[in-house]
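Here the structure comes first, spelled out in structure tokens, and everything after it is commentary.
The values are calculated or read from the model by the stated rules, or taken from the named source; none is laboratory data. Please read these numbers as outputs of a predicted model, since none were measured by experiment. Cβ coordinates were reconstructed from backbone atoms using ideal geometry, including for glycine residues, and neighbour counts include every protein chain displayed. Protein only, heavy atoms only, side chains kept; ligands, DNA and RNA dropped before computing areas. Shrake-Rupley method; radii C 1.70, N 1.55, O 1.52, S 1.80 Å.
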Amino acid sequence: MAQGKLPPGQRWVERPIVYDIAAVPPVDLATFRLRLHGAVAEPVDLSWAAISALPHERVVRDFHCVTAWSVRSVAWEGVLTSELIKLVQPDADVRWVLARGRDGYTTSVPYDGFSRPDSLVAVRMNDAVLPPEHGFPLRLVIPSLYAWKSAKYLDAIEFRRDLSRGFWESRGYHDRGDPSLEERFREGAA
Ligand SMILES: Nc1nc2c(c(=O)[nH]1)N[C@H]1C(S)=C(S)[C@@H](COP(=O)(O)O)O[C@H]1N2
Ligand SMILES: [Mo]
């Protein structure tokens with residue numbers, strides 16, 4: 001989706017509206033780990049220091065929520081998913097990731113969306129530390145897909161060959177969720 005272009009059925013708003021299935025979960029950076037596991041050659045548990053030592057990049061992208069709001073040009077900074085992929089070396093037949101937040105949220109993301117060059121694990125948003133309600137200390141950001149795929153409070157990414165539906169996907173939301181194609185709900189879902 002071209003930046004600055006409103007996808008079908010969306011309207012622009014000034015800033016992202018916070019959506020949470022549960023209260024903002026607490027975190028202690030001293031013990032925090034991001035677990036990368038599943039169908040990979042090298043599973044790892046990354047400490048906050050290990051994450052901070054990885055290369056960081058800044059990505060500016062529009063952010064589209066399936067409830068029809070879009071925000072222009074959100075600036076994210078963090079570790080590109082391509083760096084995480086280099087670390088763990090997913091098996092050649094991986095097609096999905098299941099991302100999990102500390103609040104118990106899960107979302108299934110197609111691997112081709114996860115691995116796009118503008119997908120990242122963000123630690124900063126709009127030039128400030130990621131605010132608690134936006135996922136502190138880090139969140140997944142998949143700008144090419146609806147915002148529900150961008151799991152906040154991220155603590156695990158499971159690389160998978162098969163689809164295991166996350167919180168919204170198991171409630172009828174689309175498995176891919178491309179805003180340019182208005183993939184809001186799954187065909188045939190109740
Ligand atoms: N851990 C977690 N991540 C989540 C959610 C959630 O409830 N928990 N909500 C999702 C939904 S539905 C949307 S639209 C975006 C909203 O991001 P924001 O709260 O930073 O605006 O976060 C997504 N990531
Ligand atoms: Mo959402």
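Can you tally the net charge around His64? Count Lys and Arg as +1, Asp and Glu as -1, for every other residue whose Cβ sits under 15 Å from the Cβ of His64. Don't skip to the end; give the middle numbers.
On the way: positive: Lys5, Arg11, Arg15, Arg61, Arg72, Arg116, Lys149, Arg176, Arg184; negative: Glu14, Asp62, Asp118, Asp178, Glu182, Glu183.
Net local charge, His64 excluded: +3.
Considering only protein heavy atoms and a probe of 1.4 Å, how much of the accessible area of the chain is carbon and sulfur, as a whole percent?
On the way: 4470 of 8780 Å².
Percent of accessible area from carbon and sulfur atoms in the chain: 51.
Considering only protein heavy atoms, with the full assembly of protein chains and a 1.4 angstrom probe, order Glu183, Glu42 by accessible area, largest first. Intermediate values should be presented prior to the final figure.
Values: Glu183 20, Glu42 95 Å².
Of Glu183, Glu42, the descending order of accessible area is Glu42, Glu183.
In deg cm²/dmol, rounded to 500, what helix-only [θ] at 222 nm does the chain give when every DSSP H run of at least 4 residues adds -39500 (n - 2.57) and the total is split over its residues?
On the way: 3 runs with 18 residues, N = 190.
Taken over the chain, the calculation gives -2000 deg cm²/dmol.
Under a 10 Å cutoff between Cα atoms, tell me which one of Ala156, Ala122, Ala30 has the largest fluctuation in the Gaussian network model of the chain.
Judging by the Gaussian network model, the answer is Ala30.
Can you give me the accessible area per residue for segment 1-139, using a 1.4 Å probe, in Å²?
Numbers: 6660 Å² over 139 residues.
Each residue of segment 1-139 exposes 48 Å² on average to a 1.4 Å probe.
Going by accessible area, probe 1.4 Å, with all protein chains left in place, what is the ranking of Leu154, Leu98, largest first? Mind dumping the intermediate values first?
Working: Leu154 0, Leu98 30 Å².
From most accessible down to least: Leu98, Leu154.
With unit charges on the beta carbons (Lys and Arg positive, Asp and Glu negative) and the dipole taken about the Cα centre of the chain, which residue among Trp76, Ala147, Pro16 sits farthest to the positive side?
Projecting each Cα onto the dipole axis, the largest value belongs to Pro16.
Percent relative contact order of the chain, based on C-alpha pairs within less than 8 angstrom and at least six residues apart?
On the way: 423 pairs, mean separation 46.3, N = 190.
24 percent.
Hey, rough spin-label estimate for Ser164 and Glu187, points 7 angstrom out along Cα→Cβ, what's it come to in nanometres?
2.7 nm
If I model a spin label at Ala22 and Ser47 as a point 7 Å from the Cα along the Cα→Cβ vector, what separation in nanometres do I get?
About 2.6 nm, to one decimal.
Taking a probe of 1.4 angstrom, what is the accessible area of Ile21 in Å², to the nearest 10?
Ignoring ligands and nucleic acids, Ile21 comes out at about 70 Å².
Any idea what the dipole of segment 1-119 comes to, in debye rounded to 20, about its Cα centre with Lys/Arg Cβ at +1 and Asp/Glu Cβ at -1?
Working: 13 positive and 14 negative charges, 71 e Å.
Taking the Cα centre of segment 1-119 as origin, the dipole is about 340 debye.
Report, please, the projected area of the chain averaged over directions, based on the convex hull of its C-alpha atoms, in nm².
Details: hull surface 40.6 nm².
The orientation-averaged projected area of the Cα hull of the chain comes to 10.2 nm².
With charges only on Cβ, +1 for K and R and -1 for D and E, what is the dipole size of segment 31-190 about its Cα centre, in debye, rounded to 20?
260 debye
Out of Thr81, Thr106, Thr31, any idea which swings most in a Gaussian network model of the chain, alpha carbons joined below 10 Å?
Thr31
How much net charge surrounds Asp28 when only other residues with a Cβ under 14 Å from its Cβ are counted (Lys, Arg +1; Asp, Glu -1)? Walk me through the numbers on the way to the answer.
Details: positive: Arg33, Arg102; negative: Asp155.
With Lys, Arg at +1 and Asp, Glu at -1, the net is +1.
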